[in-house]
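Each reported figure results from applying straightforward, stated rules to the coordinates on display, with no laboratory input. These numbers come from a predicted model, not from an experiment. Heads up, the Cβs are rebuilt from the backbone with ideal geometry, glycines too, and the neighbour counts pull from every protein chain shown.
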Amino acid sequence: MSPTTTPATKPRRFARALRSLNPAAASALTLAFVIGSAGLADAATGGNFILGKANKETSTASLSSSKRTPLSLVAPSGTAPLAVNRNVMVKNLNANYVSGLSAAQLKATGGDGIRTASITIGPAQVEVAGTGALPAGTYYVTATAWMDLIAGDNYGLCYIARGSASFTQLTTGGGNSPGGHLQAAETIAVTMKGGDRLQEWCYAGGSNGSAVINAGITAIRILSSSGTPPA
């Protein structure tokens, strides 16, 4: 220690140096000392909340604001902004997404169409059932038609198609039955654009007056699937 420097002179020199700073710099330096000193121990009930440290409470802490949202958490991409250690339901906690799906996406969605009146079919395709416009998504689709085939028409076939491409057969059902009844059934998973619809079309192997007596189609949206539906 220098002969001219004593323990008592050091605080005085620091005080003089602090007074020589402008007010903003002095406040920042003082705050740094306070935070640095507080960081030596975890914050507890009644103490300071210290960023970057493990803070502990023995009672519930609350944060409120009369002007704006009292708390905003921001995290890097791919990192959760909040973590909890229990799966107990949090009362009044609303969320925009569940497993990445919005409320609108989780809403049960589908469509159907049923025809009970008889409709004559021949070599040209005839729409026998269809859904209304559907929201975008992947749908599990089933369609059936009860066919009355007249002798000479040889076969009856039905297929599922999108309304935007009515003559593109996604899957077919039916078969040969030269005179008699035939049940056609089709099932497929289909990816739909918003506003498109699904249809069932049927036709016969001749023009002798065969008919579809009952037909129906049902589309139920799939939220997840292990398979790959047609594009």
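State which residue is farthest from T187 (Cα to Cα) when the search covers only the range 134-166 and only residues that are of a type in the set (A, V, I, L, M) and in contact with an Asp or Glu (Cβ under 7 Å, 6 or more places away or on another chain). Break it down stepwise before answering.
Going residue by residue through the range 134-166, those that are of a type in the set (A, V, I, L, M) are 134, 136, 141, 143, 145, 147, 149-151, 157, 160-161, 165.
Filter once more, so that each one left must be in contact with an Asp or Glu (Cβ under 7 Å, 6 or more places away or on another chain): 134, 143, 145, 160.
Working: L134: 18, A143: 7, A145: 12, I160: 8 Å.
The residue in question is L134.
Here are some residues: A165, A219. Which one is in contact (Cβ under 8 Å) with a residue 24 or more places away in the chain and of a type outside the set (V, I, T)? Steps first, answer last, please.
Working: A165 fails: in contact (Cβ under 8 Å) with a residue 24 or more places away in the chain.
Every option except A219 fails the conditions.
Would you point out which residue out of Y159, Y140 is more than 10 Å from C202 (Cβ to Cβ) and of a type outside the set (S, T, N, Q)?
Being more than 10 Å from C202 (Cβ to Cβ) and of a type outside the set (S, T, N, Q) holds for just one of Y159, Y140, which is Y140.
Tell me whether the range 102-118 contains one or more residues that are at positive phi and loosely packed, with under 13 Cβ neighbours inside 10 Å.
Within the range 102-118, not a single residue is at positive phi and loosely packed, with under 13 Cβ neighbours inside 10 Å.
Given the structure, is Y155 among the aromatic types (F, W, Y), free of Cβ contacts under 8 Å to residues at least 60 places away in the same chain and out of contact with any Gly (no Cβ under 7 Å at 6 or more places or on another chain)?
Details: among the aromatic types (F, W, Y): yes; free of Cβ contacts under 8 Å to residues at least 60 places away in the same chain: yes; out of contact with any Gly (no Cβ under 7 Å at 6 or more places or on another chain): no.
Here the answer is no, as Y155 does not meet what is asked.
Considering only the range 122-140, state which residues are of a type in the set (S, T, Y), more than 13 Å from S164 (Cα to Cα) and surrounded by 21 or more Cβ atoms within 10 Å (Cβ to Cβ). Write out each step before concluding.
Narrowing the range 122-140 to residues of a type in the set (S, T, Y): 131, 138-140.
Those left that are additionally more than 13 Å from S164 (Cα to Cα): 138-140.
Matches in the range 122-140: Y139 only.
Return yes when L63 is of a type in the set (A, V, I, L, M) and surrounded by fewer than 17 Cβ atoms within 10 Å (Cβ to Cβ) and no when it is not.
Numbers: of a type in the set (A, V, I, L, M): yes; surrounded by fewer than 17 Cβ atoms within 10 Å (Cβ to Cβ): yes.
Against the criterion (of a type in the set (A, V, I, L, M) and surrounded by fewer than 17 Cβ atoms within 10 Å (Cβ to Cβ)), L63 qualifies.
Any chance the range 185-198 includes a residue that's in contact (Cβ under 8 Å) with a residue 60 or more places away in the chain, at negative phi, surrounded by fewer than 18 Cβ atoms within 10 Å (Cβ to Cβ) and in a strand (DSSP E or B)?
Looking for residues that are in contact (Cβ under 8 Å) with a residue 60 or more places away in the chain, at negative phi, surrounded by fewer than 18 Cβ atoms within 10 Å (Cβ to Cβ) and in a strand (DSSP E or B), one finds none in the range 185-198, hence no.
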